[in-house]
Structures are given as structure tokens and as C-alpha cells.
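These notes concern the structure reproduced below.
The values are calculated or read from the model by the stated rules, or taken from the named source; none is laboratory data. Everything numeric in this text was worked out from a predicted model, so none of it was measured. Methodologically, a virtual Cβ is constructed for each residue, glycine included, from the backbone with ideal geometry; neighbour enumeration extends over all protein chains shown.
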Amino acid sequence: MLATLAVACGGPLQGAETPSGGGVGDAGPPPDAPAATTLSPIHSMTVTLCSRDSKTCQLAQAHDTSAASLPYRVSFGTGVGTLRSREQGLADLYREIRDRTAFGTRLVGVSHLLERPATDGASWASEPVAPPRPSSAEHDPVVDAAYSLMEAVDSEGQVTLDATHSGTTCKLSLAMRSLDGGAGRCLLAGPARPGHESEGVREPRKP
């Protein structure tokens, strides 16, 4: 069960390998258009449902011939990506959110609607059945945020994750482009940044 993957002290989800590539450095804001079947524009992290974009998943599979036809592709920066199970994808998202926000980076996730293509016997013709979130009296908010991003991948087909230089108090927000014109919601709240506007009130800058 995925509920057993969260460590009580707030540690990472287990059961997944650490993919190569990536890093903690800031990336630019996400571009306006999704990029299915291409490795550009560059995002800090991209999670794709392979049944919606088999071409890029085939590139990842060719890059690692030992990989099976796992349902998700996770890539960092310009990397071709790695095929991942749902548990592995959740662990990748957890680590990226935890590590980058620990350095004070503000993140924005953007969902990109990828239409379901004709199956035609493709390797990723069927979509995975997402299990329900684990129920617990004490939630790790980073685990909850990782689940929210993965659920957006299941719903829309792809989520990109990038750093933002906004002074918002939100550590991680998610914009669903297919809903409400892309209006975002905060998945992980944090403290205000000194010298930035917070909830409509501008804090004075120190001389």
C-alpha cells in the first residue's frame, strides 16, 4: 500500500530509484504552451502519462532498454527521462518538492491537457487505475502535494514543475490549464518572504 511509503518523521517516499539528472537550481517560469512529443521547452521536471504521449515514452524506453512499459515518464531538465511506476513517480515528485522548497525555492506546477490518442495496439494503450490517497490522521503536506500533482497527471496527461520568483507565501501552486482559465491553487503553504507582498500587504524592505 502507498500509505506505508510515507515515513512518520517526514522522510521521502520509499521504493523508488533516484533518477539521473535534475538539480536544485532555479529554472525559469513555465512557458504558456505544453510540449507533447518533444523534449523542449526545458522544464525543471516533467511527469507524463505514457498512454497520452507514447512517442516521448518510447524515447525514454530506447534510452534504457531494460525498462518495461511503465505508465509514467519522469524527466528533469533536458534529460530524455525515465519510465516509472506510479509509486516511483510519486517518490520522484516528493523528493523534488521537499528538496527544492527546503532551499526556499517557490515552485509552480502546470497541467497540460494531452488528448487520448487512438490505441492502435500501442505499448501504452491503457491508462493506469489510480489507487485512492492513503488516509491518515496526520498527513505530511509534502506527500499530499505529490499526490495532487500525480492526480493532475492522471487527469490531464502531463504536469510540468518549475521555479517561480514570485514573492507569494505559497511554496507550491498548481495551475490546471483546462479549468478556470488556468487559475492556480496552493498545494503547499509557507511563510512570507521578506520584502515581498503577502496577501495584499507589502512588507517594507530593509535599507
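Worth pointing out:
- The sole residue among Arg95, Arg73, Arg133, Arg86 that is surrounded by 22 or more Cβ atoms within 10 Å (Cβ to Cβ) and among the charged types (D, E, K, R) is Arg73.
- For the stretch 149-169, the set of residues classified as of a type in the set (S, T, N, Q) and crowded, with 19+ Cβ neighbours inside 10 Å consists of Gln158, Thr160, Thr168, listed by residue number.
- Of all residues in the stretch 184-197 being part of a strand (DSSP E or B) and surrounded by 15 or more Cβ atoms within 10 Å (Cβ to Cβ), the one that is modelled with the lowest pLDDT: Gly184
- Residue among Glu87, Glu96 that is modelled with pLDDT of 90 or more, over 21 Å from Cys186 (Cβ atoms) and outside any loop (DSSP other than H, G, I, E, B): Glu87
- Test result for Gly181, on the phi > 0 side of the Ramachandran plot and at pLDDT below 90: yes
- Enumeration of residues in the stretch 148-180 that are part of a loop (DSSP other than H, G, I, E, B) and either touching a Cys at 6+ places or on another chain (Cβ under 6 Å) or closer than 21 Å to Thr105 by Cβ (or both): His165, Ser166, Gly167, Thr168, Thr169
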